Amino acid sequence: MSGKIPMTKKGLEKMKEEVKKLKKEERPKVIQAIAEARAHGDISENAEYEAAKERQSHVEGKIKWLEDRIARADVIDTANHPKDRVIFGATVFLEDLDNGEKIKYTIVGEDEADVDNGSISVTSPIARALIGKQLDDTAKVITPAGIREFMILEIS
């Protein structure tokens with residue numbers, strides 16, 4: 001794949017930490033598990049060996065994927081962004097106009113998104129509807145359940 005990947009500095013640091021952990025902790029564990037499984041004799045019918053090789057493949061694939069993402073990271077500094085408009089990196093406080101529920105989202109890169117913790121991907125329907133909006137604007141979002149409308153209460 002090619003092209004830059006927008007992400008926050010925090011997201012980039014999290015990826016770097018994950019690579020570090022995979023290389024320093026997971027990779028040695030897998031190598032040890034493979035060595036132990038080999039010590040049990042015939043590897044052609046050794047389930048432990050197959051499982052360890054499968055885990056090694058997963059760990060190495062994850063390292064490669066993360067290193068690619070890190071290399072293509074386009075870190076967007078959100079510290080000096082204006083607070084009058086919703087942009088990448090903004091934290092937005094919304095009110096769902098259908099049910100009055102108050103919601104807080106931070107708009108981040110695709111790889112950083114974690115809806116359960118209030119981080120949504122810049123490519124998600126709600127983020128796309130919010131980008132460019134200002135305080136007290138409303139945003140309509142098409143969801144599987146129909147159109148939902150949100151009012152922007154605060155941008156930080």
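Nothing in this text is a laboratory measurement; each read-out follows from the coordinates by a stated rule. For clarity, every value in this text was computed on a predicted model and none was experimentally measured. Cβ sites come from the backbone with ideal geometry, for glycine too, and all protein chains shown count toward neighbours.
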How large is log10 I(q)/I(0) at q = 0.23 Å⁻¹ when the Debye formula is applied to the Cα atoms of segment 5-75, each weighted equally and without solvent?
-> -0.91
For the Cα atoms of the chain, what angle does the longest principal axis make with the long axis of helix 47-71, in degrees from 0 to 90, nearest 10?
-> 40 degrees
Could you give the distance between the Cα centres of segment 89-156 and segment 26-51, to the whole Å?
-> 47 Å
If we count other beta carbons within 10 Å of each Cβ, what is the order of His40, His58, fewest first?
-> His40, His58
Under-5 Å amide H pairs with Gly118, H placed in peptide plane, nonlocal only | none
What does the convex hull of the alpha-carbon atoms of the chain project to on average, in nm²?
-> 12.4 nm²
Gly89 long-range amide H proximity, modeled H, under 5 Å | Ile107, Val108
Total formal charge among the other residues, if their Cβ is under 12 angstrom from that of Ala71, Lys/Arg +1 and Asp/Glu -1 = +2
Tell me, what HN-Hα J-couplings in whole Hz come from the Karplus equation 6.51 cos²θ - 1.76 cosθ + 1.60 at θ = phi - 60° for each residue of segment 149-155, using x for Gly and Pro?
-> 10, 10, 10, 7, 8, 7, 10
For segment 87-96, Karplus-derived ³J(HN,Hα) couplings (6.51, -1.76, 1.60; θ = phi - 60°; whole Hz; x for glycine and proline) come out as 9, 3, x, 6, 9, 10, 9, 10, 10, 6
Could you tell me what percent of the DSSP beta bridges with both partners in the chain are antiparallel, to the nearest 5?
-> 75 percent
Can you give me the relative contact order of segment 5-75 as a percent, contacts being Cα pairs under 8 Å and 6 or more apart?
-> 55 percent
Segment 91-155: Kirkwood hydrodynamic radius (Cα pairs, Å) comes out at 11.8 Å
So what's the back-of-envelope 222 nm ellipticity for the chain, counting only DSSP H runs of four-plus at -39500 (n - 2.57) apiece and dividing by all residues, rounded to 500?
-> -12000 deg cm²/dmol
Tilt, helix 9-21 to longest principal axis of the chain (alpha-carbon atoms), in degrees rounded to tens, equals 10 degrees
